[in-house]
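S.K.: Below are the structure tokens for one structure; questions will follow.
Just so you know, all these numbers are worked out from the coordinates, no wet-lab data involved. Not measured: the values here are computed from a predicted model. A quick note on method: Cβ atoms are made from the backbone with ideal geometry, for glycine too, and the neighbour counts reach across all protein chains shown.
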Amino acid sequence: MRRIDRELKKYEDIEEVKLLQTIPGIGLFSALIIYSEIGDISRFPSSSKLLSYAETIPSVRQSSDVIQY
């Protein structure tokens, strides 16, 4: 565990990781996961596109009388 902690601490100075850690409940490990998943945030033209990519916006797909949530 100590070795893993040392490895993770190598990345704690990344500005985006620091910002993510300001969210209540987000620590270093979670911030690194989110950062690695999103990558360069500028590739999303809007916050709604990012939320859609992260699948946090509810959607309904409907074809005929079949509805998928």
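S.K.: Return the sequence-ordered ³J(HN,Hα) values of segment 26-31 in whole Hz as given by the Karplus equation 6.51 cos²θ - 1.76 cosθ + 1.60 applied to θ = phi - 60°, using x for Gly and Pro.
M.R.: Rounded to whole hertz, the list is 9, x, 4, 4, 5, 4.
S.K.: For the ranges 23-30, 41-48, what's the packing order if you count other beta-carbon atoms within 10 Å of each residue, average per peptide, and put the highest first? Walk me through the numbers on the way to the answer.
M.R.: Working: 23-30: 11.2, 41-48: 9.6.
So the peptides 23-30, 41-48, ranked by packing, come out 23-30, 41-48.
S.K.: If amide hydrogens are placed 1.01 Å from N in the peptide plane, which non-local residues have theirs closer than 5 Å to the one on TYR11?
M.R.: Correct list: empty.
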